[in-house]
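Right, one structure below, let's go through it.
The values are calculated or read from the model by the stated rules, or taken from the named source; none is laboratory data. Given the structure is predicted, the values throughout are model-derived calculations rather than measurements. Every residue, glycine among them, receives a Cβ derived from its backbone with ideal geometry; neighbour counts consider all protein chains shown. With ligands, DNA and RNA removed, areas are computed over all heavy atoms of the protein, side chains included. Shrake-Rupley method; radii C 1.70, N 1.55, O 1.52, S 1.80 Å.
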Amino acid sequence: ADLVPDSVTAARCWVLCGEASAFSQPELPLALRYLERADQVLLKQLEKAPQRPDALKVRSELLLMLGMTEAKFQRLDEAEGHLRQLIGDGPLAAQVTAENRLGALLALSQILAQPVATDESEKLRQAAWALGISEEVSAPVALHALYTSLPLPVRDSVSRFTPPPLPDRIVTPSRAESLGNLWNCQRFQGLPEWFQIGDELASDHFFHEPRQSADFEIVVRQLLATMPRVLGALPADSMERSQLESIYASNLLLATQSAQERGDQSEVARLSQRFETTFHGRDVQFIAPRERPAQRLVRIGEIYRGTMLGHVEQLKQMQGGSRAPQPR
């Protein structure tokens, strides 16, 4: 950047400095200074040549990073201004990729929804979901963007004291409704995050009071029917396979418990056999979910020790003890 100041190359270098700073010092706003410097360089170039393609392209990518970084540090007015340029109709819009437009729509809708959703924030959210579900954005990128944009689950203790929505307030879909929309979208089926969504939905239905048995069975059957083929295609020592196996094992146990409670012993035997065959000769690691982590892990431990007797006995022998092993 110092060697070729006031050039598109310098702007690219300042963007890289901003990315490096955001990674190494995420709690400090230093990244903003680098990104702002990049934008100043690009604006000078565009003053000379407003239609310069390379400058417009770099700035279309920069403005999303800049807007999201500003939002992180609560510079919401500045973030809103930069994100609006990405979804507008100016010369910059032609250079904005569908992926960046999706990110800008989601980020801007979240900013405008603070502290409560508005007509505009809801329109932007709907536009983002329509774009994400379309074929314009690659399925993995779209699923990740939509999934991570959902508000995190609210603890029951918090929701009890949350005031009811006002009559004129915009009501946005709940997390569960949005997860259901992603789960039922054909283009996302089989992606790693799609299985995480199914796991969260199945867990939510299973631990709901009262249990939503019909919804649980629909999700868990599709989950268990789809996962073996995907698991078989992954390297045995990959982190992705380990994470998906945790989801697979957890839902086998929940499905077994559900079958046992409704008295379907043949299904209990089938699922138990599948679990013991899949995880023969090795331990199973369970990953805590986003919602009800302690409750689910304790319950899964109880189901495991009560139903997977062959695997429990095998682990006893492997670990050289008489106590039933605790799932990890």
Within segment 267-282, can one find any residue that is part of a loop (DSSP other than H, G, I, E, B) and surrounded by 17 or more Cβ atoms within 10 Å (Cβ to Cβ)? yes
Quick check on PRO293: is it open to solvent by 30 Å² or more (accessible area, probe 1.4 Å) and farther than 27 Å from GLN189 by Cβ? no
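The rows are residues; the columns are (1) loosely packed, with under 13 Cβ neighbours inside 10 Å; (2) among the aliphatic types (A, V, I, L, M); (3) more than 17 Å from LEU83 (Cβ to Cβ).
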{"position": "CYS13", "(1), (2), (3)": "no, no, yes"}
{"position": "ARG33", "(1), (2), (3)": "no, no, yes"}
{"position": "GLN45", "(1), (2), (3)": "no, no, yes"}
{"position": "ALA49", "(1), (2), (3)": "yes, yes, yes"}
{"position": "LEU62", "(1), (2), (3)": "no, yes, no"}
{"position": "GLU70", "(1), (2), (3)": "no, no, no"}
ARG84 meets each of (1) surrounded by 16 or more Cβ atoms within 10 Å (Cβ to Cβ); (2) in a helix (DSSP H, G or I) with one exception, condition (1)
Selection within segment 237-256 - open to solvent by 20 Å² or more (accessible area, probe 1.4 Å) and more than 13 Å from PHE279 (Cβ to Cβ): ASP237, SER238, MET239, GLU240, GLN243
If we scan segment 245-255, do we find a residue that is farther than 18 Å from THR307 by Cα and either in contact with a helix residue (DSSP H, G or I) (Cβ under 9 Å, 6 or more places away or on another chain) or at pLDDT 95 or above (or both)? yes
Please state which of the following conditions LEU3 fails to meet, knowing it meets all the rest: (1) open to solvent by 80 Å² or more (accessible area, probe 1.4 Å); (2) closer than 25 Å to ALA93 by Cβ. (2)
Just give me the residues in segment 210-251 being β-branched (Val, Ile, Thr) and without any contact (Cβ under 8 Å) to a residue 12 or more places away in the chain, in sequence order. ILE218
Restricting to segment 301-317, what's the tally of residues that are surrounded by 14 or more Cβ atoms within 10 Å (Cβ to Cβ) and either outside any helix (DSSP H, G or I) or of a type outside the set (Gly, Ala, Ser) (or both)? 10
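Table: residues versus (1) closer than 26 Å to LEU112 by Cβ; (2) of a type in the set (A, V, I, L, M); (3) modelled with pLDDT of 95 or more; (4) assigned to a helix (DSSP H, G or I).
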residue	(1), (2), (3), (4)
GLU36	yes, no, yes, yes
VAL41	no, yes, yes, yes
ALA55	no, yes, yes, yes
MET65	yes, yes, yes, yes
Determine which single condition HIS208 fails, assuming it passes every other condition in (1) open to solvent by 60 Å² or more (accessible area, probe 1.4 Å); (2) more than 17 Å from ARG299 (Cβ to Cβ); (3) out of contact with any helix residue (DSSP H, G or I) (no Cβ under 6 Å at 6 or more places or on another chain). (2)
Residue list for segment 116-138, filter: surrounded by fewer than 19 Cβ atoms within 10 Å (Cβ to Cβ), assigned to a helix (DSSP H, G or I) and hydrophobic (A, V, I, L, M, F, W, C): ALA127, ALA130
Going by the conditions given, is ALA259 open to solvent by less than 20 Å² (accessible area, probe 1.4 Å), without any contact (Cβ under 8 Å) to a residue 60 or more places away in the chain and either part of a helix (DSSP H, G or I) or among the aromatic types (Phe, Trp, Tyr) (or both)? yes
